[in-house]
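For reference, the structure discussed in these notes is given below.
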Amino acid sequence: MTEKNRIEQYLEGYTYRKLEDNLWLLDDENHGLPQVAIMYAAPVVICRTWVMAAPKEQRLELFTKLLELNARDVVHGAYALEEDQIILIDTLVYDTMDYEELMATLDAFGLAVTQHYPVLASYR
(Lines give C-alpha, C1' and ligand atoms only; values in the text may rest on other atoms or scores of the structure.)
Protein backbone atom coordinates (compact mmCIF):
# COMPACT_ATOMS: atom_id res chain seq x y z
CA MET A 1 0.00 0.00 0.00
CA THR A 2 1.41 3.42 -0.87
CA GLU A 3 1.97 6.09 1.75
CA LYS A 4 -0.97 8.21 0.70
CA ASN A 5 -3.33 5.27 0.31
CA ARG A 6 -2.40 3.99 3.75
CA ILE A 7 -3.04 7.37 5.37
CA GLU A 8 -6.26 7.87 3.41
CA GLN A 9 -7.39 4.40 4.43
CA TYR A 10 -6.78 5.32 8.09
CA LEU A 11 -8.82 8.52 7.61
CA GLU A 12 -11.95 6.72 6.40
CA GLY A 13 -14.88 7.94 8.46
CA TYR A 14 -13.39 11.43 8.87
CA THR A 15 -14.22 14.53 6.85
CA TYR A 16 -11.06 15.53 5.01
CA ARG A 17 -9.77 16.70 1.68
CA LYS A 18 -6.54 16.08 -0.11
CA LEU A 19 -4.77 19.40 -0.69
CA GLU A 20 -1.86 17.98 -2.66
CA ASP A 21 0.26 14.85 -2.82
CA ASN A 22 1.04 13.75 0.73
CA LEU A 23 -1.00 16.53 2.36
CA TRP A 24 -4.51 16.17 3.81
CA LEU A 25 -6.69 18.56 5.77
CA LEU A 26 -9.19 17.19 8.28
CA ASP A 27 -12.06 19.52 8.97
CA ASP A 28 -14.25 17.27 11.02
CA GLU A 29 -16.30 19.03 13.69
CA ASN A 30 -18.05 15.75 14.56
CA HIS A 31 -14.73 14.42 15.84
CA GLY A 32 -13.67 17.76 17.34
CA LEU A 33 -10.97 18.17 14.71
CA PRO A 34 -11.15 21.54 12.98
CA GLN A 35 -8.37 22.18 10.47
CA VAL A 36 -5.91 19.37 11.29
CA ALA A 37 -3.21 19.08 8.65
CA ILE A 38 -1.61 15.69 8.07
CA MET A 39 1.54 15.62 5.97
CA TYR A 40 3.66 12.70 4.89
CA ALA A 41 7.29 13.78 4.64
CA ALA A 42 9.39 10.63 4.61
CA PRO A 43 10.19 9.18 7.04
CA VAL A 44 7.54 10.86 9.20
CA VAL A 45 3.88 11.81 9.29
CA ILE A 46 3.30 15.25 10.81
CA CYS A 47 -0.05 16.12 12.35
CA ARG A 48 -0.68 19.74 13.32
CA THR A 49 -3.48 22.13 14.05
CA TRP A 50 -3.66 25.83 14.81
CA VAL A 51 -4.87 26.65 18.30
CA MET A 52 -4.67 30.43 18.65
CA ALA A 53 -2.49 33.47 18.14
CA ALA A 54 -0.10 34.09 20.99
CA PRO A 55 -1.34 37.11 22.91
CA LYS A 56 0.77 40.19 23.48
CA GLU A 57 -0.19 40.25 27.19
CA GLN A 58 0.19 37.46 29.76
CA ARG A 59 2.61 35.53 27.54
CA LEU A 60 4.66 34.07 30.37
CA GLU A 61 1.53 32.84 32.14
CA LEU A 62 0.15 31.32 28.95
CA PHE A 63 3.41 29.61 27.99
CA THR A 64 3.69 28.23 31.52
CA LYS A 65 0.12 26.90 31.26
CA LEU A 66 0.89 25.28 27.88
CA LEU A 67 3.94 23.52 29.33
CA GLU A 68 1.83 22.30 32.25
CA LEU A 69 -0.83 21.02 29.85
CA ASN A 70 1.86 19.26 27.78
CA ALA A 71 3.12 17.49 30.90
CA ARG A 72 -0.26 16.68 32.42
CA ASP A 73 -2.92 16.36 29.72
CA VAL A 74 -1.52 16.02 26.19
CA VAL A 75 -0.87 12.32 25.70
CA HIS A 76 0.14 12.44 22.02
CA GLY A 77 1.86 15.50 20.64
CA ALA A 78 2.47 18.82 22.30
CA TYR A 79 1.62 22.48 22.22
CA ALA A 80 4.27 24.49 20.40
CA LEU A 81 4.96 28.06 19.36
CA GLU A 82 5.50 28.72 15.66
CA GLU A 83 6.31 32.34 14.98
CA ASP A 84 3.48 34.00 16.92
CA GLN A 85 1.00 31.12 16.63
CA ILE A 86 0.24 28.37 19.12
CA ILE A 87 -0.19 24.97 17.51
CA LEU A 88 -0.65 21.35 18.50
CA ILE A 89 1.82 19.09 16.74
CA ASP A 90 2.73 15.41 16.72
CA THR A 91 5.23 13.52 14.60
CA LEU A 92 4.81 9.81 13.91
CA VAL A 93 7.34 7.49 12.29
CA TYR A 94 5.65 6.31 9.10
CA ASP A 95 7.23 2.85 8.95
CA THR A 96 5.92 1.90 12.39
CA MET A 97 2.72 3.98 12.39
CA ASP A 98 -0.41 1.90 12.56
CA TYR A 99 -4.07 2.83 12.59
CA GLU A 100 -4.28 2.95 16.39
CA GLU A 101 -1.31 5.32 16.68
CA LEU A 102 -2.74 7.82 14.20
CA MET A 103 -6.16 7.60 15.85
CA ALA A 104 -4.56 8.17 19.26
CA THR A 105 -2.98 11.37 17.96
CA LEU A 106 -6.25 12.59 16.45
CA ASP A 107 -8.16 11.70 19.62
CA ALA A 108 -5.60 13.57 21.73
CA PHE A 109 -5.89 16.63 19.48
CA GLY A 110 -9.69 16.57 19.66
CA LEU A 111 -9.63 16.15 23.42
CA ALA A 112 -7.07 18.94 23.90
CA VAL A 113 -8.97 21.37 21.67
CA THR A 114 -12.23 20.65 23.49
CA GLN A 115 -11.01 20.46 27.08
CA HIS A 116 -8.37 23.18 26.98
CA TYR A 117 -10.36 25.80 25.09
CA PRO A 118 -11.95 27.35 28.21
CA VAL A 119 -8.54 27.71 29.85
CA LEU A 120 -6.72 29.02 26.78
CA ALA A 121 -9.53 31.36 25.72
CA SER A 122 -8.96 33.43 28.84
CA TYR A 123 -5.57 34.47 27.40
CA ARG A 124 -6.98 35.88 24.16
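The values are calculated or read from the model by the stated rules, or taken from the named source; none is laboratory data. Every value quoted in this text rests on a predicted model; they were computed, and no experiment measured them. Cβ: placed from backbone, ideal geometry, glycine included. Neighbour counts: every protein chain shown.
Can you pull out the residues in the range 27-40 that are in a strand (DSSP E or B) and either modelled with pLDDT under 95 or among the polar types (S, T, N, Q) (or both)?
Within the range 27-40, D27, D28, L33, P34, Q35 meet the criteria.
Cβ contacts < 7 Å: first residue under 16 Å from D84 (Cβ atoms), restricted to the range 54-70; second residue outside any loop (DSSP other than H, G, I, E, B) and not aliphatic (A, V, I, L, M), any location; separation 6+ or different chain. Result?
From the range 54-70, the pairs are A54/Q85; L66/Y79.
Check the range 56-76 and report whether any residue there is crowded, with 19+ Cβ neighbours inside 10 Å and part of a helix (DSSP H, G or I).
For the range 56-76, residues crowded, with 19+ Cβ neighbours inside 10 Å and part of a helix (DSSP H, G or I): present.
Tally up the residues in the range 96-118 that are surrounded by fewer than 16 Cβ atoms within 10 Å (Cβ to Cβ) and not in a helix (DSSP H, G or I), please.
Qualifying residue count, the range 96-118: 1.
Do you know which of the residues in the range 7-26 that are surrounded by fewer than 17 Cβ atoms within 10 Å (Cβ to Cβ) and assigned to a helix (DSSP H, G or I) is farthest from the chain's Cα centre (by Cα)?
Q9
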